[in-house]
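**Q** Below you will find the structure I want to go over with you.
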Amino acid sequence: MPEFFFRTEDIRSENIQELYVGSDIDREIIDSLKSSQSVILEGSRGTGKSFLLRMAEVELDKDFTNAKILPVNISFVASSLIHTSDPEQFKNWMLALICNRLIRAFRKKGFFLMQSQATSLLCGNTTTDSIDNNEERFQRISKSYEESYKNVNLPISIVDLPDVISLKDAVEELCQENNISRICLLFDEAIHIFRQEQQRQFFTLFRDLRSPYINCNAAVYPGVTSYGNTFEMSHDATYLRIERDILEEGYVNRMKGIVLKQANESLITTLNQYGENFSVLAYAASGNPRMLLKTVDRCPRMRINDVNQVIKDYYRTDIWTEHTGLGIKYSGHRSLVDWGREFVEKDVLIATRQKNEIRADFQESTCYFWVHRDAPEPVKESLRMLEYTEIIRKHSESVRATNSHFGTRYELKLVGVLSLEATPTAIGLDLIKKLTIKRMTEYGMNSPRFSAIENIKIEEQTDEELRTILLAQLDRSIDVLDLSQWQKNTLKQNGYNAIRSILESSELDMQNIRYIGKVRSRQIRNATLAELLEYLSG
Amino acid sequence: MNIEEFYSNIFNSLNETQLKTVIEKRESLSKVHSFTDDLLLWSNIINPRSEFAIIKYAATEIQLSSITLVIGLYRQSFASLRLALELVLSAIYFSANELSLREWETGSTDIYWNQLIDPENGVLSNRFCKVFFPGLEDSTAAYLESAKKTYRELSEFVHGNIGTWEAIVFPLSFDESLFNKWMSSFVDISKVIIFSLCLKFLKHLDKTSINQLEAHILEQIGDIAAIRQIFDKAS
């Protein structure tokens, strides 16, 4: 069995293009990202946002000599760590990161060498020998923000940080001086799904940065709620969604292509031999490459029993655990998260199954449902969370239902529909063949199903609450860490019981413990931080 | 013609090659410059360990290699590149073997390539990995192979194997295929160098140093999850 890349970060830049299996739509997205428009690219987890961003970056980079467009890829994944009293903390942090990455990108293309130590190596010190250059200055600012969760009141000096206008002027000057036509900023993990203030500051910055010399692109999850006062999607960006529609012609082949790019001989043979079973998996993944690779990885032999088991396990364990986890993590949203699960499991799926039984004779089936556009706000918020965890997908908006009202059509991920069947492989392909968007379960404006949550008031998750979540993590026992039992016991004997105690002590303190030296103390701290971040970034 | 004119003629011709190379290959050369900076940063961070000077010299050697490259002295540039790789791996080896370092400093022993890349005890061995960076075992073998392969290719130019005689044409001028060959070896050794430095030192550096090193390490070998974890970018 080959080892699959489940995440774009695991792929080397030089290999990105080899692994690309593009549909026309993917190609259009990449071309839009490379063009001078500003693109907001929406997609759930694992649908390939980062991959397409990297493709655009690699292609622009390779073509730099001709097109003179400089790509700069920046990830805002660490936004959950930022907790200062600075009301513009996100903007400042993002600006610092952008400045740092920009300078580096210029330097790597051979512009802007003046501040470099390497420049004076062979011909003496012509300019400055100081390594305290701007690139590092900006990095220090962004890092201070990223460490602010430890101490909210620690002031961060931003005197070195330019405002947006000066930054744009500087970029314009640099571009003109060096004959660069523009900078293409690619923001990955651009927004934090539960931090509205971060979303507002991001979209404001996104809009303000735009100039003839800068265009911005961002990959976001579904479920953005706050765009700030100035940003308007229709004016300020081109909105694109990553779509791999299961009803599209050639769907299975394209998904197969993605797997084949990473397959070895034996897997290729298996895929050809058990083509139908693979097709069921491909449909179950509902256009999500990461999910497909993960499920294929779990049943490399593609036998019927394995495939059926994987479909059931993946749905029951992996997907729902993640969804329920959201409610535990962001307790303010817990009732919405739980209601969403109830709604899908107890209502939508059952109704869908009944429909499919009844309509089978008419050669029709469905995985769609419709929600009235004036459904209670908590319902919509709950559906957004189901989109975020990839349980449902927004299929299309402004769809007329049988009562001629307008609403949104959602698609249940097929893995959910299939997992209810005793043997998904037996009915899978038949069900998929009969799929029609015309049949959908409808939930009107005042559907009785909504009564349980319509009165829930949705409150913006405040920073204070988010910090509480973070601090609650700090109070968790060190038992959750990826350390050996011996290490855990030793730590506890010495009073290190909670994650906090490790992060707050210095490595030197820890080295006072018998048998814990430099290496172990570092290793312990790293394991602790990694655990914390993994939890916070979901 | 006098001796002054003789040399001056040669340098004029080398200068033509230099101008042409820099125009054609400015992007590739920018990468080399930027890598030298990265290596100097490592040297600053490892200071005051005595091995820092060796790493600094390796950075210098890479620049010398690039100079001979742009003026078309290809054989010399390949030899310098090989030396740079050898120097960095030696510095790493010495950092774990003080006795060898002191003997080398006093001139009583030499650096042996085979010792550096010994699969049992070398700087890219499992033994090193287990002690200095557990978790990198899976990637180490591949980098060891890459180091050996690139070194062997560069050695052909050092030893003047017949193929290399034929490849280098006189009078000296810009030669795209030799330039690209150098560049491809450079890309390989720069990854090996950064990987080996991370393997030996990264886990034991303070937070400030790790922050300083982050950008280029992630660019070079950020595809390795264990490396991303160090920078809190595990997910």
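**Q** Residue by residue through segment A:69-74, which ³J(HN,Hα) values in whole Hz follow from phi under the Karplus form 6.51 cos²θ - 1.76 cosθ + 1.60 (θ = phi - 60°), with glycine and proline marked x?
**A** Result, ordered by residue: 10, 9, x, 9, 9, 10 Hz.
**Q** Moving to a separate point now. Counting protein heavy atoms only and a 1.4 angstrom probe, how many square angstrom of accessible surface do chains B and A bury in total, to the nearest 100?
**A** On the way: alone 12130 and 25230 Å², together 33800 Å².
Buried: approximately 3600 Å² between A and B.
**Q** Pop a pseudo-label 7 angstrom from the Cα along the beta-carbon direction at both A:Asp169 and A:Glu364 and give the gap in nm to one decimal.
**A** That separation, rounded to one decimal, is 6.5 nm.
**Q** Shifting gears a bit: At 1.4 Å probe size, with the rest of the protein present, what percent of the exposed accessible area of chain A is carbon and sulfur atoms? The partial results should precede the final answer.
**A** Numbers: 11020 of 23430 Å².
Answer for chain A: carbon and sulfur cover 47 percent of the accessible area.
**Q** Could you work out how far apart the two model spin labels at B:Ile10 and A:Asn151 are, taking each label as a point 7 Å from the Cα in the direction of the beta carbon, and quote it in nm?
**A** Placing both labels 7 Å along Cα→Cβ, they lie 6.2 nm apart.
**Q** Shifting gears a bit: Roughly how many Å is it from the Cα centre of segment A:354-387 to that of segment A:1-42, as a whole number?
**A** Distance between centres, Cα-based: 31 Å.
**Q** Quick one: which residues, 5+ away or cross-chain, put their amide H under 5 Å from the amide H of A:Leu435? H built at 1.01 Å from N.
**A** Amide H neighbours of A:Leu435, under 5 Å, 5+ apart: A:Ser365.
**Q** Would you mind working out the magnitude of the charge dipole of the protein assembly as shown relative to its Cα centre, with +1 at each Lys and Arg C-beta and -1 at each Asp and Glu C-beta, to the nearest 20 Debye?
**A** Numbers: 89 positive and 106 negative charges, 312 e Å.
Using Cβ point charges on Lys, Arg, Asp and Glu, the protein assembly as shown gives about 1500 debye.
**Q** Right, next: Over 32 Å, how big is the tail of the calculated P(r) for segment A:251-450, in percent of all Cα pairs? Let's see the in-between values first.
**A** On the way: 3614 of 19900 pairs.
When all Cα pairs of segment A:251-450 are counted, 18 percent exceed 32 Å.
**Q** Can you list the lysines whose alpha carbon sits under 20 Å from that of A:Lys433, skipping same-chain ones fewer than 8 residues off?
**A** A:Lys256, A:Lys355, A:Lys413
**Q** Still on this model: How large is Rg over Rh for chain B, taking Rg from the Cα atoms and Rh as the Kirkwood inverse mean of 1/r across Cα pairs? Display every interim value, and only then the final one.
**A** Working: Rg = 19.0 Å, Rh = 18.9 Å.
Answer for chain B: 1.01.
**Q** What's the extension gain from A:Ser234 to A:Ser396 if we count 0.36 nm per residue and subtract their Cα-Cα distance? All intermediate terms of the calculation are to be shown ahead of the outcome.
**A** Details: separation 162, 0.36 × 162 = 58.32 nm, distance 1.75 nm.
Using 0.36 nm per residue and subtracting the Cα-Cα distance, I get 56.6 nm.
**Q** Let me ask you something else. Once segment B:99-213 is represented by equal point scatterers at the alpha-carbon sites, with solvent omitted, what log10 I(q)/I(0) does the Debye formula produce at q = 0.10, 0.12, 0.23 Å⁻¹?
**A** With no solvent term, the Cα-only Debye profile gives -0.43, -0.60, -1.26.
**Q** Rounded to the nearest 0.05, what FRET efficiency is calculated for A:Arg303 and A:Val480 with R0 set to 41 Å and r the Cβ-Cβ distance?
**A** On the way: r = 36 Å, r/R0 = 0.88.
Efficiency computed from Cβ-Cβ geometry: 0.70.
**Q** Now, a different point. I'd like the distance separating the alpha-carbon centroids of segment B:149-174 and segment B:179-194, in whole Å.
**A** 16
**Q** Using a 1.4 angstrom probe on the protein heavy atoms only, line up A:Met233, A:Met445, B:Met183, A:Met510 by accessible area, largest first. All intermediate terms of the calculation are to be shown ahead of the outcome.
**A** On the way: A:Met233 50, A:Met445 80, B:Met183 20, A:Met510 0 Å².
Reading off the accessible areas and sorting them downward yields A:Met445, A:Met233, B:Met183, A:Met510.
**Q** In whole angstrom, note down how far apart the Cα centers of segment A:52-86 and segment A:278-307 are.
**A** 32
**Q** Taking H as built 1.01 Å from N, whose amide H comes closer than 5 Å to the amide H of A:Ser75, not counting residues under 5 places away?
**A** Hits under the 5 Å cutoff: A:Asp188.
**Q** Once the Cβ-Cβ distance between A:Arg467 and A:Phe6 is put in as r, and R0 is 35 Å, what FRET efficiency do you end up with, to the nearest 0.05? Numbers along the way, then the final one.
**A** Values: r = 31 Å, r/R0 = 0.88.
Taking R0 as 35 Å, the efficiency between A:Arg467 and A:Phe6 is 0.70.
**Q** With +1 on each Lys and Arg Cβ and -1 on each Asp and Glu Cβ, how big is the dipole of chain B about its Cα centre, in debye rounded to the nearest 20?
**A** On the way: 21 positive and 30 negative charges, 98 e Å.
Computed about the Cα centre, the dipole is about 480 debye.
**Q** Let me ask you something else. Take A:Asp347, project a point 7 Å from its Cα along the Cβ direction, then tell me which residues of segment A:395-426 have their backbone nitrogen under 15 Å from it.
**A** Answer for segment A:395-426: A:408-412.
**Q** A follow-up question, please. Could you name the lysines whose alpha carbon sits less than 16 Å from that of A:Lys261, not counting residues in the same chain fewer than 8 places away?
**A** A:Lys294
**Q** Helix A:518-536 sits at what angle to the longest principal axis of chain A, using alpha carbons and giving 0 to 90 degrees rounded to 10?
**A** 50
**Q** Find how much the distance from A:Leu420 to A:Asn272 grows on full extension, using 0.36 nm per residue of separation minus their present alpha carbon separation; answer in nm with one decimal.
**A** Details: separation 148, 0.36 × 148 = 53.28 nm, distance 2.68 nm.
Extra length available between A:Leu420 and A:Asn272 comes to 50.6 nm.
**Q** Which residues in segment B:116-155 place their backbone N less than 11 Å from a point set 7 Å from the Cα of B:Ser100 along the Cα-to-Cβ direction?
**A** Only B:116-125 pass the distance filter.
**Q** Could you work out how far apart the two model spin labels at B:Tyr112 and A:Gln176 are, taking each label as a point 7 Å from the Cα in the direction of the beta carbon, and quote it in nm?
**A** 6.3
**Q** Under the rule a/c < 1.5 gives rounded, and otherwise a/b versus b/c splits prolate from oblate, where does segment A:3-119 land using the Cα gyration tensor? All intermediate terms of the calculation are to be shown ahead of the outcome.
**A** On the way: a/c = 1.73, a/b = 1.17, b/c = 1.48.
Oblate is the answer for segment A:3-119, as a/c is 1.5 or above yet b/c matches or exceeds a/b.
**Q** Enumerate the amide H contacts of A:Ser38 below 5 Å, restricted to partners 5 or more residues apart or on another chain; note that Pro and chain-start residues carry no placed amide H.
**A** Placed amide hydrogens put A:Thr238 under 5 Å from A:Ser38.
**Q** Among bridges DSSP assigns within segment A:251-450, what percent are antiparallel (round to 5)? Let's see the in-between values first.
**A** Details: 11 of 15 bridges.
Percent antiparallel among DSSP bridges in segment A:251-450 is about 75.
**Q** If each DSSP helix of 4+ residues adds -39,500 (n - 2.57) and the sum is divided by the residues in the protein assembly as shown, what number results at 222 nm, nearest 500 deg cm²/dmol?
**A** Values: 37 runs with 438 residues, N = 773.
Rounded to the nearest 500, the figure is -17500 deg cm²/dmol.
**Q** Rounded to the nearest angstrom and ordered from largest down, what semi-axes does the equivalent ellipsoid of segment A:72-225 get from its C-alpha gyration tensor (root of 5λ)?
**A** Working through the eigenvalues yields semi-axes of 29, 20, 12 Å.
**Q** Based on the alpha carbon coordinates of chain A, what radius of gyration and maximum Cα-Cα distance (Dmax) apply, in Å?
**A** Gyration radius and largest Cα-Cα distance of chain A: 25.4, 85 Å.
**Q** A further question on this structure: Taking only Cα atoms, what is the 0 to 90° angle, nearest 10, from helix A:196-209's long axis to the longest principal axis of chain A?
**A** Taking the Cα atoms of chain A, the angle to A:196-209 is about 70 degrees.
**Q** Which sequence of B:Thr109, A:Thr402, B:Thr21 reflects their accessible areas, 1.4 Å probe, from the largest down? Numbers along the way, then the final one.
**A** On the way: B:Thr109 50, A:Thr402 125, B:Thr21 0 Å².
The ranking, largest first, comes out as A:Thr402, B:Thr109, B:Thr21.
**Q** Related question: Using 0.36 nm times the number of residues separating A:Asp63 and A:Ile16, minus their current alpha carbon distance, what extension gain do you get?
**A** Numbers: separation 47, 0.36 × 47 = 16.92 nm, distance 1.53 nm.
Separation in residues times 0.36 nm, less the Cα-Cα distance, equals 15.4 nm.
**Q** Another question, if that's okay. Under 16 Å Cα to Cα from B:Lys149, which lysines show up? Leave out anything in the same chain fewer than 8 places away.
**A** B:Lys181, B:Lys191
**Q** Taking θ = phi - 60°, what integer Hz values does the Karplus form 6.51 cos²θ - 1.76 cosθ + 1.60 yield along segment A:437-453, in sequence order, with x for Gly and Pro?
**A** 6, 6, 8, 8, 7, 10, 10, x, 4, 10, 3, x, 4, 7, 4, 5, 10
**Q** How much of A:Lys68 can a 1.4 Å solvent probe reach, expressed as accessible area in Å² and rounded to 10?
**A** The accessible area comes out at roughly 50 Å².
**Q** Which ³J(HN,Hα) values in Hz, rounded to whole numbers, follow from the phi angles of segment B:154-164 under the Karplus curve 6.51 cos²θ - 1.76 cosθ + 1.60, where θ = phi - 60° and Gly and Pro get x?
**A** Each residue's phi maps through the Karplus curve to give 5, 4, 4, 6, 5, 7, x, 4, 3, x, 6 Hz.
The values are calculated or read from the model by the stated rules, or taken from the named source; none is laboratory data. Small disclaimer: the values here were computed from a predicted structure and weren't measured. Note: ideal-geometry Cβ built from the backbone for every residue, glycine included; neighbour counts use all protein chains shown. Keep in mind that these areas ignore ligands, DNA and RNA; they rest on the heavy atoms of the full protein, side chains included. Shrake-Rupley method; radii C 1.70, N 1.55, O 1.52, S 1.80 Å.
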